[in-house]
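What follows draws every value from the coordinates through simple rules; no lab data is involved. Treat the numbers as computed from the prediction; the structure is a model and nothing was measured. Reconstructed Cβ throughout: ideal geometry from the backbone, glycine too, with neighbour counts over all protein chains shown.
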Amino acid sequence: MPLTVAAWSGPRNISTAMMRAWENRSDCVVSDEPLYAHYLYATQLDHPAREAVIAAGDIDWQRVVRHLTGAVPGGRTLWYQKHMTHHLLPGMDTEWVHRLCNLFLIRDPTLVAASYVKSRSTVTAADLGVPQQLELFERVAGRLGRAPLVIDTERFLRRPEAHLRMLCTALGIEFSAQMLHWPPGPRASDGVWAPHWYAAVWRSTGFEPARERKVRLDGDAARAADVCRAGYEHLLAHAMHVPTP
């Protein structure tokens with residue numbers, strides 16, 4: 001039976017690497033941030049390649065949603081959609097997300113903020129996406145009557161195969177070892193913004209090894225991470241936990 005997975009993430013996470021893992025399956029097609037063009041058009045925010053993103057994408061979010069909730073493209077049985085939760089702007093109807101299988105990718109907001117400010121001069125809690133993730137998580141959980149799937153980046157990178165096996169079991173599909181490694185370089189499925197953000201993924205051939213990260217934040221970055229802390233901890237309580245072998 002065809003399955004569409006909507007993965008909701010904030011920026012500077014493993015969302016693109018996870019998209020690579022799914023695209024490397026022979027039965028899966030992927031979509032890279034399909035609501036980004038609408039987001040930039042509606043907010044008028046100055047992001048890298050802004051005009052190119054708008055030109056290449058679809059600024060009509062309702063038309064995008066009709067596509068995202070339609071048949072799996074290309075005759076495949078799996079569709080992995082990489083989404084940024086902050087692309088769901090206030091006033092947008094989110095009823096459509098309940099027609100998909102929703103997965104939440106989370107990461108410690110301190111680490112997200114530290115990575116974010118390497119590319120952007122300022123950062124807010126909304127930029128990190130955690131408040132939006134928490135709001136959507138609660139909506140999905142309310143509809144399901146249980147917590148949806150949650151994966152924490154740092155836990156995942158310590159044992160990626162075990163997490164992917166657990167995830168596939170939860171989704172009712174077979175695990176494929178193809179998800180663990182992929183050829184380096186760009187993909188036709190990458191958004192036009194990829195040259196500005198995907199350098200590390202383009203160099204990669206698999207998930208990077210887990211490593212301890214000690215960062216110190218100040219100013220806007222520290223405040224943004226502090227605002228997001230409680231929401232992240234709430235989501236973390238529902239994250240997949242792989243037993244220690």
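Backbone geometry of the stretch 214-220 corresponds, through the Karplus equation with coefficients 6.51, -1.76 and 1.60 at θ = phi - 60°, to 3J(HN,Hα) couplings of 10, 10, 10, 10, 9, x, 4 Hz, x marking Gly and Pro. Computed from the C-beta positions of residue 122 and residue 240 and an R0 of 35 Å, the FRET efficiency is 0.60 to the nearest 0.05. Take every pair of alpha-carbon atoms less than 8 Å apart whose residues are at least six positions apart; their mean separation over the length of the chain yields a relative contact order of 29 percent.
Computed FRET efficiency, Cβ-Cβ of residue 71 and residue 51, R0 25 Å: what is it to the nearest 0.05?
For residue 71 and residue 51, the calculated efficiency is 0.20.
Close amide-amide hydrogen proximity is noted between residue 181 and no other residue 5 or more places distant or on a separate chain, at a cut-off under 5 Å (H modeled in the peptide plane; Pro and chain starts excluded). For the options 89, 157, 45, a Gaussian network treatment of the chain with springs between C-alpha atoms closer than 10 Å singles out 45 as fluctuating the most.
A simple rule links phi to the HN-Hα coupling: the Karplus curve 6.51 cos²θ - 1.76 cosθ + 1.60 with θ = phi - 60°, which for the stretch 28-41 gives 10, 10, 10, 10, 9, 6, x, 9, 5, 4, 4, 4, 5, 5 Hz, with x for Gly and Pro.
Note on P(r) over Cα pairs in 10 Å bins from 0, in percent: of the candidates (1) 7, 32, 37, 20, 3, 0; (2) 7, 26, 19, 11, 14, 14, 7, 1, 0; (3) 7, 32, 40, 19, 1, the value calculated from this structure sits at (3).
Treating r as the C-beta distance of residue 62 and residue 189 and R0 as 25 Å, the FRET efficiency rounds to 0.65. Remark: the residue 171-residue 92 segment gains 25.7 nm on full extension, using 0.36 nm per residue and subtracting the alpha carbon distance.
Remark on residue 3: its backbone amide H falls under 5 Å from those of 78, 79, a criterion applied only to residues 5 or more positions apart or on other chains, H modelled at 1.01 Å from N.
Applied to the stretch 118-134, the Karplus parametrisation 6.51 cos²θ - 1.76 cosθ + 1.60 on θ = phi - 60° returns per-residue 3J(HN,Hα) values of 6, 10, 10, 6, 10, 8, 10, 4, 5, 5, 6, x, 5, x, 5, 4, 5 Hz, with x for Gly and Pro. Here each label is just a point 7 Å from Cα along the line to Cβ, and for residue 226 and residue 199 those points are 3.2 nm apart. Between amide H atoms placed 1.01 Å from N, distances below 5 Å from residue 30 occur with 80, all of them 5 or more places distant or on a separate chain.
Structure remark: mean-square fluctuation, Gaussian network model of the chain, C-alpha springs under 10 Å; the largest value among 188, 199, 210 belongs to 188. Normalising the average separation of contacting C-alpha pairs (under 8 angstrom, six or more residues apart) by the number of residues puts the relative contact order of the stretch 132-207 at 24 percent. Largest GNM mean-square fluctuation among 106, 54, 14, using the chain with Cα springs under 10 Å: 54. Residue separation of residue 178 and residue 147 scaled by 0.36 nm, minus their Cα-Cα distance, works out to 8.4 nm of gained length.
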